[in-house]
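One structure is given below, encoded as structure tokens.
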Amino acid sequence: MRDSRNATASSDSRNPTGLSATTVRTRVTVPLRFGDGCTVTADLATFHHLADGQEHVAVILGEPAAGRPPLVRLHSECLTGDVFGSARCDCGPQLREALERIADRGGVLLYLRQEGRGIGLYNKLDAYALQDQGLDTYEANTTLGLPEDARDYTAAAQMLAALGIFELDLLSNNPDKAAQLRTLGLTVTQHVPTGVFTTAHNIRYLRTKVVRTQHTLPLTELTVG
């Protein structure tokens with residue numbers, strides 16, 4: 001990855017049409033410390049001119065080996081899982097795992113302000129209430145008159161382009177993320193699965209993602225030991 005403190009995406013001839021307006025606003029070094037004692041130093045980058053106007057952040061961790069694409073994760077914000085440790089999803093453990101794996105390999109985690117698959121925090125909690133009545137995670141959204149998944153990754157592609165990343169390995173179980181990035185002109189070289197993080201409270205949720213939206217989680221491992 002090239003140094004992007006004063007870079008613009010338009011300076012690279014590979015930059016796909018429509019992504020070049022985005023530039024890096026600020027890049028600052030922040031030491032990160034986790035509850036289990038793990039520490040890592042990251043650069044946090046913010047951006048001008050993102051398509052959706054949201055305050056997404058890139059967490060830049062190390063440099064990949066020469067000739068190897070960076071490892072990238074598109075992580076959608078989850079207040080309940082990332083901050084409060086909710087066991088209803090696997091977001092918190094995925095975030096922790098991703099930061100460590102990317103730091104070891106070199107790459108970027110994009111922290112995207114897309115709470116509740118893009119429907120927002122209050123709507124997500126409304127959907128939780130419907131799930132408690134028996135609906136699955138997608139049925140709950142549509143019952144509220146909302147999309148099953150409202151996320152658009154145009155801003156993510158813009159952020160990567162502004163950082164000089166046009167080819168990447170994607171850390172994700174969600175095939176839609178890779179499909180959208182490719183449609184936006186980026187090259188996803190490899191789809192790298194995350195770990196499997198099950199609890200008694202998220203088994204149905206994880207199984208539903210496999211069946212309904214083809215997430216690459218092994219069904220045989222979706223049990224609570």
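If R0 is taken as 22 Å, the Cβ-Cβ distance between ALA87 and CYS38 corresponds to a FRET efficiency of 0.60.
Taking the C-alpha atoms only, the angle from helix 121-131 to the longest principal axis of the chain is near 30 degrees. Candidates LEU181, ALA127, ILE102 compared by Cα position along the dipole of segment 68-210: farthest toward the positive end lies ILE102, with charges placed on Cβ.
From least to most packed, judged by other beta carbons within 10 angstrom and beginning with the fewest, VAL59, VAL72, VAL40, VAL30 follow the order VAL30, VAL40, VAL59, VAL72. Each of ILE203, ILE119 was scored by other Cβ atoms within 10 Å of its Cβ. Arranged with the fewest first, they read ILE203, ILE119. I'm spelling it out carefully: the read-out is Kirkwood radius over Cα pairs in Å, the candidates are (i) 20.2; (ii) 20.8; (iii) 18.1, and one was derived from this structure. Which label? Working out Kirkwood radius over Cα pairs in Å from the coordinates points to (iii).
How much of the DSSP beta bridge set in segment 38-186 is antiparallel, as a percent to the nearest 5? Roughly 50 percent of the DSSP beta bridges within segment 38-186 come out antiparallel. Modelled spin-label separation between HIS201 and VAL30, with each label point placed 7 Å from Cα along the Cα-to-Cβ direction: 2.5 nm. Mean residue ellipticity at 222 nm, helices only, the chain: -8500 deg cm²/dmol; runs of at least 4 DSSP H residues each add -39,500 (n - 2.57), and the sum is divided by the number of residues.
In whole angstrom, how far apart do the alpha carbon centroids of segment 17-70 and segment 98-127 sit? Taking the Cα centre of each part, segment 17-70 and segment 98-127 sit 13 Å apart.
The distance between label points at ARG68 and LEU121 comes to 3.8 nm (points 7 Å beyond Cα on the Cα→Cβ vector). Net charge of the neighbourhood of HIS215, taken over other residues with C-beta under 10 Å away and scored Lys/Arg +1, Asp/Glu -1, is +2. Each residue, ALA179 and ASP132, gets one label point 7 Å from its Cα in the Cβ direction; the gap between the two is 3.3 nm.
Every read-out reported here was derived from the displayed coordinates using simple, explicitly stated rules and does not represent laboratory data. Model, not experiment: these values are computed from the prediction. Here the Cβ is made from the backbone with ideal geometry for all residues, glycine too, and neighbour counts use every protein chain on show.
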